[in-house]
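What follows draws every value from the coordinates through simple rules; no lab data is involved. For clarity, every value in this text was computed on a predicted model and none was experimentally measured. Cβ placement follows ideal geometry from the backbone for every residue including glycine, while neighbour counts extend to all protein chains displayed.
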Amino acid sequence: MRIAAPSVRARLTLWHAGVLAIIICLFSAGALLFVRARLYRALDEQIAQDLATIEKVYREETGDLGELDHRMGMTLFEVAEGPTVIYRTTSWPPPATRPYRIRTSADATHRVSVARDETALRQTLWTLTVVFVMGIPCALSLAMAGGYLLAGRVLAPVGAMAETARRITAESLSARLPVDNPRDEFGRLAGVFNATLSRLEAAFEQLRRFTADASHELRTPLTGIRSIGEVALQRSLTAPEYREVVASMLEEVDRLTRLVENLLLLTRAEAGRIPLTRTVVDISELVGSVSDGLRVLADEKDQTWTVDVAQSVTAVCDGGILRHGVTNLLYNAIKYTPSKGMIRIATVQAPAGGAVIEVEDTGPGIASAHRERIFERFYRIDAARSRDSGGVGLGLAIARWAVEANGGRIELDSEEGRGALFRIVLPPF
Ligand code: ADP
């Protein structure tokens, strides 16, 4: 059978009482031994004095021992010369009914013995012992009661924290634990807990927003498909017209597929479920191949496409993941730069050994107010325009993840109306 562990309060009280009991017992025993030694030393000094007085009287005049006996009152003594007793008090040897302390001094001719009653001394010691034996449990009980109350008071914040923590759910993540004194141990604990709650709240809020945004974005193409279908059903169409309807629907399905793929990619990336395989990657080659794939889109918009890659720029990274980043930046450049604009892609080996990829365009640029936020999921500067061109605001979030997962960062140089320059900076290896 297991005995339930006692509460912290009970443990504190018991420890406190245990330590106190040891201290009090040691102190009492020490005091008792000390007092006992002092009392016996005083008694022995008195007996030594008695012996000296008797010796003196004995040497000077034997006849005065009787008078001395009278003077010394309770002290018993005997003076003998060999087997002959010279003098002895009435009750000698001392009666066995009472405790006596006997000391003898002797030389070749005579022997003096003195006995003093030590009942009073023993009584004093006994009284002291009784005081200690009765007092220690009383003191300990008081200390335990006091300790229990004190522990209760000290631990009260823990109870309050537990009570608040119990009431916190996903819906009430804004609640915080009470902090009485932020500098004491409990205050610091509550502070750490509150900081964790703040992070959780922020993460939850982000998740909630993400879900809401994702649902909203998913609804748009679905509504599109439905309305195209409904309109088509209301009229009888010719075969080419039906083909057109199906093509429009497929376009929406494409948009839906891209969105779902991007969502999946971001979610898996954030859960850390996309393993990175780092190898030495020829960055110029990677940028060249992405550029070849997208160039046709720029050609469609009559944009000038300049590829300016240095020879053998390399970095240690996961090429597949980095490709997502480069693709999205280039795709945005094409998307947001008007017809006849210019797009430049360049790679540079940084002097310190890192690799830099630049994507520059002559599009509308990005105002400083939006510069940080465009990397957030679902953030678009002009939602309507962006959606028309097929964007839902995930491209840059994915690009940032793709670069940061590889240990790099994305920098942005842009002024409104003056084009944009995105720079991927990869660390040296
Ligand atoms: P989207 O899918 O809407 O393109 P992104 O995350 O790729 O989403 O970009 C977020 C927003 O940043 C876009 O809506 C757009 O307004 C702005 N943006 C991105 N790239 C450029 C660029 N090269 N020039 C101007 N604006 C851009």
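Of note:
- With respect to being farther than 22 Å from Leu412 by Cβ, of a type in the set (Val, Ile, Thr) and crowded, with 21+ Cβ neighbours inside 10 Å, Val281 fits the description.
- Test: residue in the stretch 30-43 that is surrounded by 11 or more Cβ atoms within 10 Å (Cβ to Cβ), small (Gly, Ala, Ser), outside any strand (DSSP E or B) and under 60 Å from the mean Cα position of the chain (by Cα): yes
- Residues satisfying the stated conditions in the stretch 108-120, i.e. over 22 Å from Leu39 (Cα atoms) and part of a loop (DSSP other than H, G, I, E, B): Ala108, Thr109, His110
- The set of residues in the stretch 17-37 that are under 11 Å from Ile136 (Cβ atoms), touching a residue at least 24 places away in the same chain (Cβ under 8 Å) and small (Gly, Ala, Ser) comprises Ala21, Ser28.
- All helices (runs of 4 or more DSSP H) inside the stretch 314-429 with 1 or more residues being within 11 Å of the ligand (Cβ to nearest atom), charged (D, E, K, R) and under 39 Å from the mean Cα position of the chain (by Cα): 395-405
- For the stretch 155-179, residues that are small (Gly, Ala, Ser) and farther than 23 Å from Arg208 by Cα total 4.
- Failed item, numbered, when Pro275 is tested on (1) more than 16 Å from the ligand (Cβ to nearest atom); (2) within 23 Å of Ala420 (Cα to Cα); (3) outside any helix (DSSP H, G or I); (4) not basic (Lys, Arg): (2)
- When the stretch 88-107 is filtered for residues that are over 23 Å from Asp64 (Cβ atoms) and in a loop (DSSP other than H, G, I, E, B), the ones remaining, listed by number, are Pro95, Ala96, Thr97, Arg98, Pro99.
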